[in-house]
Every structure is written in C-alpha cells, then in structure tokens.
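What follows is a single structure, written as structure tokens, with notes after it.
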Number of protein chains: 2
Amino acid sequence: MLLYDQQNAPNPRRVRIFLAEKNLAYDRKQLNIVQGENLSTEFLAINPRGCLPTLVLDDGTVLDESVAICRYVEELYPNPPLMGTDALSKARIEARQRHIEFDGLLPASEVFRNAYPRFQTRGVGGSVGEVNAIPELVARGKTLMSIFFARLEVELHHSQYIVGGEFSIADITALCTLDFATTQARIPFPTNCPALQRWYQTVSARPSAKA
Amino acid sequence: MLLYDQQNAPNPRRVRIFLAEKNLAYDRKQLNIVQGENLSTEFLAINPRGCLPTLVLDDGTVLDESVAICRYVEELYPNPPLMGTDALSKARIEARQRHIEFDGLLPASEVFRNAYPRFQTRGVGGSVGEVNAIPELVARGKTLMSIFFARLEVELHHSQYIVGGEFSIADITALCTLDFATTQARIPFPTNCPALQRWYQTVSARPSAKA
C-alpha cells in the first residue's frame, strides 16, 4: 500500500504512528502542502478533496481520511488494539480522540493556517479554492489551546494514558496535536503541567513516535 | 438510559436518529443551549465540557460525544448496521461521515454561532468561557457550504445514499447538517441540485428523521 504523506503535517503523522504501532510496512510518497503539491491535477485525480494523508491499497482502493485509514487497519490487524476492545472502551477512546481533535488539533490548525504567510489565501486546507486567512482565529486558537492543555493536565493527573492504562489512538492524536502546536503553530509547551510533561515524555519515547 | 438533549441542535439529533433506527427506548432531558442550561453547575458535574448530546447509562456511565455514543450503540446492537459491516465499509462510512462533519457541519455551525446575536460572546460551544464571535467566519462558512453542497450533488448522482446503496450514519450526519444549515444557520437549500434533493426527500421520509 502507498501512503500519500507530508512529514511535518499532523494528520499524516497520526496514520504513520498508527501503522508503526501495528508493525505494518508500506510505501510513502511525500507531497509538499505549502508548495501546493496536494492540489496538483495528478493528486486531485486520486483524492478530489486534496487532503493528506491518503492511502492507496494494493488493489487501487483509495482511503482518503486519517481516522478512517486507522479504522481499516484496526479491523484487519486488531493487535495491538488501539481503538478499544469492547463497546465501552471503543466509545471512550472515540470520545476522547474526537474531543482532542475538536478542542486541540482544530484550534492549533487554525493558529497555524491563519498566521502562516504562505497560507494567506489558503485559510482552509484542501481543494476549496482561495479562502482568505482570518487573523482573529490566531488569538482565538491560542485561547482555546490554553484551555485544552489545562484540561489534559487535570485528566493526566489520574490517568497513565489519555484513556486509562492502555495506549490508544487518543494518545496518538494528542501527541501529534501537541508536537504540531508547539513546533509548527509556535504555541509554547505549557509550563506548570507536570502530568502532561510526564505523559508527553512517555509517549514520545515509543519507537512509533519517530514514524 | 438518559439522553441530555436539545431538540434543535444538530449533534443531539444525530444521536436521536441513530437510536430511532436501532429502535431503542430512552429518556430525554432537554437543555436550552441559548439560555446556557448546558453550562449550569449541575450539568457541568455530568459533562465538564458542557456539550450536548450526553448519554448517561443506567449504571451511571457518562458518554459525552455524539459519534462515540453511536459507536457504543452500534457495538451492542449491530442490526441494522449503520457504521459498516467489514473493514472497508467501516472505513468508507467513517471517511464520508468525517468529511461531512468537517466540510459541512463545522462551517454551518460557524455561520450560526458567529452570526447569532445571543452567541456574541460564545463564539465557541461548550464550557470555554467568553470567546467573541468572529463575523468573518460567517462569509467563510457560506463559501464552504456552497462547495459542500456542490460536492454532495456530484456524489449523489452516482449513489443512492452517501455511501453506496445502504443508509448509514453518514446519511444521518448529512441530513442533520442540511436541516441545521437551512433552518438554524439560514443558508438557503441549494438550487439546481436534483440528486441532493432526491436524496434529501428519501432520508427525510424515514420515520427516524422525526426523532
């Protein structure tokens, strides 16, 4: 299978870490989003939305969404489980992963997209044409990120991983959000968050984090 | 089980339709988001994020996210299947449902939140404190909604439902997005979209659409 990828972008990294945890091999093709390679005629023929990651299976089937790719892999290769093992654990992991997307990854992306000079007319990702950046989203996004970090800190005081004692896709999404926020979106790593720091060191030390 | 609900909001409706398709009974408690009932001390003790829907199981377990609630129900009551039956159908349905959320429900929500006078200092939902509305998001959201409608029209030319020939959670999300956009966010139903119109009439005629 072939993963259309960008090394620095958070959603492709979520899939790479997931695949590494499953110990699966695949080919990769890097597309540079800043240079608009995801909007080329060639790539839009594969994924009309122009978003990364996109996975092309060996039979040509295209999976064009990060969590859907993880779901496909989880169903075929259930061990180690990363999306829960029964109704309640599946629901809890999905809930937290979606909270992290909405409360963290989305505002971090808005800070990055709407502050980055090369995206002044690409304020929204993918093949939606010219959409102007909205500078107010940068301040809003930073406010929301401080709330996101504070909530994570409280939760991780009582929990080894995002959902209880098992590493899951929710940890992958949180790790990618945190690294994206602090490196690409230039939001400082929060101070006075010892539980978050402890969790971050633990998940960053997994071999998959280098994927 | 008890569903904390708001009749007019799109995410609670997604869960109500899902539960109706599964023919499951439950109690409901209405909270008025405009009046801030979702931010009361009482409700924040149940769901600190202050978001609806929230489902409380009979043993007191709280599920606080719409798709996670659906996942829990799907796992316990797999028939009729609404989230796919094998790895590929599960991935395809998840991909489309998430596209619809990101490309449709999110911009429609931004149009509504950032235009509605009662939400001038609640530009983001849930318990995040005062966040000013950003009027530019209204125009951006309308632009994105026109792209969303146009893409749906193309897809539904070749497909009975959002994903092939079977009704799924992706149809539920699309229906709730469309009704929310056209009634609450006051974005006109798109003209010259016969396939979308045909699909809309079909899914709106299901008994679950009244849930």
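What number comes out for accessible area per residue over the protein assembly as shown if the probe is 1.4 Å? Units Å², please.
On the way: 18030 Å² over 422 residues.
I get 43 Å² per residue for the protein assembly as shown.
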Counting only residues 5 or more apart in sequence or on a different chain, those whose built amide H sits under 5 Å from that of B:Val131 are B:Arg122, B:Gly123, B:Val124
From the phi angles alone, apply the Karplus equation (6.51, -1.76, 1.60; θ = phi - 60°) to segment A:151-165 and give each ³J(HN,Hα) in whole Hz, x where the residue is Gly or Pro. 5, 4, 4, 4, 5, 7, 4, 10, 9, 5, 10, 4, 10, x, x
Interface size between chain B and chain A, please: total buried accessible area, 1.4 Å probe, rounded to the nearest 100 Å². 3800 Å²
Once A:His99, B:His157 are ranked on solvent-accessible area with the largest value leading and a 1.4 Å probe, the list reads B:His157, A:His99
Work out from phi, with θ = phi - 60° and the Karplus expression 6.51 cos²θ - 1.76 cosθ + 1.60, the ³J(HN,Hα) of each residue of segment B:90-107, listed in order in whole Hz, and give x for Gly and Pro. 4, 5, 5, 5, 4, 4, 5, 4, 6, 4, 5, 4, 6, 8, x, 5, 5, x
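Of the heavy-atom accessible surface of the protein assembly as shown (probe 1.4 angstrom), what whole percent is carbon and sulfur?
After summing per-atom areas, the C and S share lands at 52 percent.
With each run of n ≥ 4 DSSP H residues scored as -39500 (n - 2.57), what mean residue ellipticity at 222 nm is computed for the protein assembly as shown after dividing by its residue count and rounding to the nearest 500 deg cm²/dmol? Please list the in-between numbers first.
Working: 16 runs with 194 residues, N = 422.
Only helices count here, giving -14500 deg cm²/dmol.
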Whole-Hz Karplus couplings 3J(HN,Hα) for segment A:13-18, θ = phi - 60° and coefficients 6.51, -1.76, 1.60, Gly and Pro as x, run 5, 3, 5, 4, 5, 4
Roughly how many whole Å is it from the C-alpha centroid of segment B:112-129 to that of segment B:153-182? 28 Å
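Find the relative contact order for chain B and round it to a whole percent, using C-alpha pairs within less than 8 Å whose residues are 6+ positions apart. Walk me through the numbers before you get to the answer.
Numbers: 292 pairs, mean separation 47.3, N = 211.
The normalised contact order for chain B reaches 22 percent.
The values are calculated or read from the model by the stated rules, or taken from the named source; none is laboratory data. Every value quoted in this text rests on a predicted model; they were computed, and no experiment measured them. Heavy atoms of the whole protein, side chains included, go into the accessibility calculation; ligands, DNA and RNA do not. Shrake-Rupley method; radii C 1.70, N 1.55, O 1.52, S 1.80 Å.
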